[in-house]
1. Determine whether segment 11-21 contains at least one residue that is touching a strand residue (DSSP E or B) at 6+ places or on another chain (Cβ under 8 Å) and touching a residue at least 40 places away in the same chain (Cβ under 8 Å).
2. If you scan segment 1-25, which residues turn out to be within 19 Å of Arg42 (Cα to Cα) and among the polar types (S, T, N, Q)?
3. Looking at Ala65, Ala82, which one is more than 14 Å from the chain's Cα centre (by Cα) and modelled with pLDDT under 95?
4. If I ask for residues that are assigned to a loop (DSSP other than H, G, I, E, B), among the small types (Gly, Ala, Ser) and either touching a Cys at 6+ places or on another chain (Cβ under 9 Å) or closer than 15 Å to Leu72 by Cβ (or both), which ones from segment 4-41 would you list?
5. Which ones in segment 72-101 are surrounded by 15 or more Cβ atoms within 10 Å (Cβ to Cβ) and of a type outside the set (A, V, I, L, M)?
6. Can you tell me which residue in segment 75-108 is nearest to Ile13 (Cα to Cα), limited to those that are free of Cβ contacts under 8 Å to residues at least 40 places away in the same chain and of a type in the set (D, E, K, R)?
7. Just to be sure I understand, how many residues within segment 24-53 are under 12 Å from the mean Cα position of the chain (by Cα) and of a type outside the set (A, V, I, L, M)?
Amino acid sequence: MKILLDECVPKAIKHSLSVDGHECSTVPEAGFAGRTNGELLRLAESKFDVFVTLDKGMQFQQNLAGCKIKILLIRAKSSRVADILPLIPACLVALHSIKPAQLMQIGE
């Protein structure tokens, strides 16, 4: 599964999600830095299966109808790696059940 990490997700999380055959890239590595969420999702869905973000407004800002990409929203206490890492096991489980055009929340 190809995973794209939003710019708000610490780069250190990439290694924690790059297991079980998953390929994980950051938005800058994919060449999508500085794009708005709507544009970013349209670009990402042609190359990635899942978009991982910490942006709690994503579910209210984007219309996902007809979207091919899956969105995993990590709701951690903060964007610090120490607050996100405990949620990674649940994220890895979610990757097996999330569907296209679905936004799945992990955490708080």
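1. Yes, some residue in segment 11-21 is touching a strand residue (DSSP E or B) at 6+ places or on another chain (Cβ under 8 Å) and touching a residue at least 40 places away in the same chain (Cβ under 8 Å).
2. Hit for segment 1-25 is Ser25, nothing else.
3. Numbers: Ala82 fails: modelled with pLDDT under 95.
Of Ala65, Ala82, the one residue that is more than 14 Å from the chain's Cα centre (by Cα) and modelled with pLDDT under 95 is Ala65.
4. Looking only at segment 4-41, we keep the residues that are assigned to a loop (DSSP other than H, G, I, E, B), and these are 6-12, 18-22, 31-36.
Pick out the ones that are also among the small types (Gly, Ala, Ser) and you get 12, 18, 21, 31, 33-34.
Ser18, the sole residue that qualifies.
5. Asp83, Cys91 - these are the residues of segment 72-101 that are surrounded by 15 or more Cβ atoms within 10 Å (Cβ to Cβ) and of a type outside the set (A, V, I, L, M).
6. Step by step, filter segment 75-108, then rank; the result is Asp83.
7. Let us first name the residues in segment 24-53 that are under 12 Å from the mean Cα position of the chain (by Cα), namely 24-27, 37, 40-41, 44-45, 48-53.
Checking which are of a type outside the set (A, V, I, L, M) leaves us with 24-26, 37, 45, 48-49, 51, 53.
Qualifying residue count for the region: 9.
The values are calculated or read from the model by the stated rules, or taken from the named source; none is laboratory data. Bear in mind the structure is a predicted one, so any value in this text is a computation, not a measurement. Glycine also receives a Cβ, built like all others from the backbone with ideal geometry; neighbour counts cover every protein chain displayed.
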